[in-house]
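Just so you know, all these numbers are worked out from the coordinates, no wet-lab data involved. Source: prediction; values computed, not measured. All Cβ positions, even for glycine, are placed from backbone atoms using ideal geometry, and neighbour counts span all protein chains on display.
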Amino acid sequence: MADPMRIRAQAAGDKATVRVLMSHEMETGQRKDSAGKTIPAWFIQEVSAQHNGKPVLDAQWGPAVSKNPFLLFVVKGAKAGDKITVTWVDNKGDKRTDEATVS
Amino acid sequence: MVTRRLVLARSAKVATLLAGVGLLPTAAQAAWSQAAFEAKSVADAVKALGGAAPVESRDVTLTASDIAENGAVVPLACACALPGVKRMLLLVEKNPNTLAAVFDVSDAVEANFGTRVKMGQSSNVFAVAMMGDGKVLYAQKEVKVTLGGCGG
């Protein structure tokens, strides 16, 4: 299991800005190690977000997303106290879900 | 002679076949648009996701700095001012695989996303919005990279 995500969700008016920082190597599969062997790709493929249990966002990522990825999105109709859940799945099938409360 | 390249190509073929008949257990990989992520150009990537030819539009905004000091971490943000966006894509033209990220827009989120991507070299960056009515709009911007993000 990977390290937890850091999620910050801030309400402003009738929407909330969610900032997520995930902890992941995001290896592209293009780099070679010191012995000249290709390092296999290992990256987050899917990210999904839920607002109070209702799916609001689905994203697909390629290996071009940076190491320890950052994601910003805006949820309509979210207010302080609501729950935002973010899940990612990588190409090895590893996954992680974290939850934050809108402030 | 069976080279390593040949073996790799064969195993990739078998994997594709297996994925085709649904034998690979990971449901996540089935949903991931592999063809789109392997595309080498913006048009190919959009086509692989079922979109029409992209048209430049002022309603799509792409926020990126002119010069990225470190190609490993280039902050990008895309937004679309029009209603009815189904998908937003972020693409880097000169990366080995053009497509960086796809965001499926639902009614509950704004068509406004930010993330960070890797760039191998200075290149045009595209933000593409696929609309509900089948139109595909894009905005582009050149980002100069002083230090590539694909090396070690």
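Computed values, structure above
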{"read-out": "Reachable aspartates and glutamates, given that their alpha-carbon falls under 13 Å from the alpha-carbon of B:Lys40 and they are not under 8 places away in the same chain", "value": "B:Glu93"}
{"read-out": "Three-way shape call for segment B:42-92 based on the alpha-carbon gyration tensor, with the a/c threshold at 1.5", "value": "oblate"}
{"read-out": "Square roots of 5 times each gyration tensor eigenvalue, C-alpha, segment A:4-57, largest first, Å", "value": "35, 12, 8"}
{"read-out": "Over segment B:33-120: Rg over Rh, Cα atoms, Kirkwood Rh", "value": "0.95"}
{"read-out": "Helix-only CD estimate at 222 nm, as mean residue ellipticity for the protein assembly as shown, using -39500 (n - 2.57) per DSSP H run (n ≥ 4)", "value": "-3500 deg cm²/dmol"}
{"read-out": "Inter-chain shielding of B:93-106 (mean C-beta neighbours from other protein chains, 10 Å cut-off)", "value": "5"}
{"read-out": "Residues of type aspartates and glutamates that A:Lys67 reaches as a straight line, Cα spacing below 14 Å, ignoring anything fewer than 8 places off in the same chain", "value": "A:Asp3, A:Glu25, A:Glu27, A:Asp90"}
{"read-out": "Mean projection area, nm², convex hull over Cα of the protein assembly as shown", "value": "15.0 nm²"}
{"read-out": "Pair B:Gln34, B:Thr61: separation of 7 Å Cα→Cβ label points (nm)", "value": "3.9 nm"}
{"read-out": "Cross-link partners of B:Lys86 among aspartates and glutamates (Cα-Cα below 16 Å; sequence separation of 8 or more within a chain)", "value": "A:Asp58, B:Asp59, B:Asp104, B:Asp107, B:Glu110, B:Asp133"}
{"read-out": "Anisotropy class of segment B:75-148 from Cα gyration tensor, a/c 1.5 cut", "value": "prolate"}
{"read-out": "Length-normalised contact order of chain A in % [C-alpha pairs under 8 Å, at least 6 apart]", "value": "34 percent"}
{"read-out": "Neighbourhood net charge (15 Å Cβ-Cβ; Lys/Arg +1, Asp/Glu -1) for B:Gly134", "value": "+3"}
{"read-out": "Likely footprinting exposure, B:Leu99, B:Leu49, fewest C-beta neighbours within 10 Å first", "value": "B:Leu49, B:Leu99"}
{"read-out": "Under 14 Å, Cβ to Cβ, from B:Ala52 - net charge with Lys/Arg +1 and Asp/Glu -1", "value": "+1"}
{"read-out": "For segment B:61-71, 3J(HN,Hα) per residue [Karplus equation, 6.51 cos²θ - 1.76 cosθ + 1.60, θ = phi - 60°, Hz, x = Gly/Pro]", "value": "10, 10, 9, 7, 7, 5, 10, 9, 5, 10, x"}
{"read-out": "For segment A:47-63, Karplus couplings with θ = phi - 60° (6.51, -1.76, 1.60), whole Hz, Gly/Pro x", "value": "10, 9, 10, 10, 10, 6, x, 9, x, 10, 8, 10, 10, 10, 10, x, x"}
{"read-out": "Taking B:Ser122, B:Ser41 and counting other C-beta atoms within 10 Å, the order from fewest to most", "value": "B:Ser41, B:Ser122"}
{"read-out": "Charge context of A:Asp14, other residues only, Cβ under 9 angstrom, K/R +1, D/E -1", "value": "+3"}
{"read-out": "Convex hull of Cα atoms in segment A:6-101, direction-averaged projection (nm²)", "value": "6.1 nm²"}
